[in-house]
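These notes concern the structure reproduced below.
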Amino acid sequence: MKVIKVKDYQELSEVASKIFIDLIKEKPDCNLGLATGSSPLGLYEKLIESYKKGEISFKNVKTYNLDEYCELPRNHEQSYFSFMHRNLFDHVDVSPENINIPNSEVEDLEKECERYNNVLNANKIDLQLLGIGANGHIGFNEPGTSFTSQTSIIELAEKTREDNKRFFNSIDEVPKYAITMGIKNILDAKAIVLIANGKNKADAINKLINGEVTEDFPASALKNHPNVTVIIDEEAASLL
Ligand code: GLP
């Protein structure tokens, strides 16, 4: 695992976006694994800037999102479908048919997991973006998830619902279930970039870098991958 420490969120977003911009320039038809949450917002802004300057195009890029809440329609402002359109897709030239996000609107969610998993198995991700939950989750793979897990429906940990309630009016509105790529799907990516900023992530980053590899801490699975770059700001690195 390569660890890059930067000063602040601004620098984190610059360094991380450069990795994505370089890949899109080098391989315009690359497969990108994308993430939601607050962490990637600055990076997405930089990608939009780069697109607007004419440096990169998403015309032939295919995207694969990590996860999606269950119980929310796609047009709910907190669905990850809405999040991705609002923060990236609506501002670049990505083709709608190249956007892949688990769809929890369908009636048979198990079937949807199988469909999404088949899509992932048929399209190797060149570069996967990850944030990290304060409890070490990646995607929505909560502590205790098997490292061999594939796309599935998971129950969100109380800690995760607590952390994400800031986006909703109350904890009762935060969905209890989600569809997520499994840890195996994430590890199948050719390269992975994990970004973390702020004091709230310091403990998780310390466990990731100095702790053992254990299913109790999902992000530790990344230590079994040959090409992972962890980019952290000073606050996230403060317990190292
Ligand atoms: C969310 C997402 C993850 C994300 C994490 C951290 O619940 N499912 O993909 O990495 O939690 O979010 P944030 O970046 O807002 O701290």
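The values are calculated or read from the model by the stated rules, or taken from the named source; none is laboratory data. What you are looking at is a predicted structure, and each value in this text was computed from that prediction instead of being measured. Reconstructed Cβ throughout: ideal geometry from the backbone, glycine too, with neighbour counts over all protein chains shown. We work out accessible area using only protein heavy atoms, side chains counted, and drop any ligands, DNA or RNA first. Shrake-Rupley method; radii C 1.70, N 1.55, O 1.52, S 1.80 Å.
A few points about this structure:
- Filtered GluC sites (Glu not before Pro), segment 95-197: DSSP coil and at most 15 other beta carbons within 10 Å: Glu105, Glu107
- Subset of Lys18/Lys53; Lys18/Lys199; Lys124/Lys207; Lys46/Lys176; Lys7/Lys52; Lys27/Lys111 violating a 22 Å alpha-carbon distance limit: Lys18/Lys199; Lys124/Lys207; Lys46/Lys176; Lys7/Lys52; Lys27/Lys111
- Remark: segment 60-65, residue by residue, has Karplus-estimated 3J(HN,Hα) of 10, 7, 10, 10, 9, 7 Hz, where x stands for each Gly or Pro and the curve is 6.51 cos²θ - 1.76 cosθ + 1.60 at θ = phi - 60°.
- To put it simply, the accessible area of segment 75-155 at a 1.4 Å probe is 45 percent carbon and sulfur.
- Assuming charge only on the beta carbon of Lys and Arg (+1) and of Asp and Glu (-1), the dipole of the chain about its Cα centre is about 760 debye to the nearest 20.
- FRET E, pair Arg166, Ile4, Förster distance 25 Å, beta-carbon r, rounded to 0.05: 0.35
- Take the Cβ atoms of Lys52 and Asn210, set R0 to 30 Å, and the FRET efficiency comes out at 0.15.
- Rounded to the nearest 20, the Cβ-based charge dipole of segment 67-115 about its Cα centre (Lys and Arg +1, Asp and Glu -1) stands at 200 debye.
- Between Glu235 and Gly198, the built amide H atoms are under 5 Å apart, and every one of these is 5 or more places off in sequence or on another chain.
- Sites matching GluC sites (Glu not before Pro) across segment 19-71 that sit in DSSP coil, with at most 14 neighbouring C-beta atoms within 10 Å: Glu55, Glu71
- Extension gain for the segment Ala122 to Asp203, taken as residue separation times 0.36 nm less the Cα-Cα distance, is 25.6 nm to one decimal.
- Taking the helices alone, the chain has a mean residue ellipticity at 222 nm of -9000 deg cm²/dmol, built from -39,500 (n - 2.57) per DSSP H run of at least 4 residues and averaged over all its residues.
- Accessible surface, per residue, of segment 70-210 when the full set of protein chains is kept, probe 1.4 Å, Å²: 44 Å²
- Paramagnetic label zone (point 7 Å from Cα along Cα-to-C-beta, Asp90; backbone N under 13 Å) in segment 174-189: none
- Remark: C-alpha extents of the chain on the principal axes read 45, 42, 35 Å, sorted largest to smallest.
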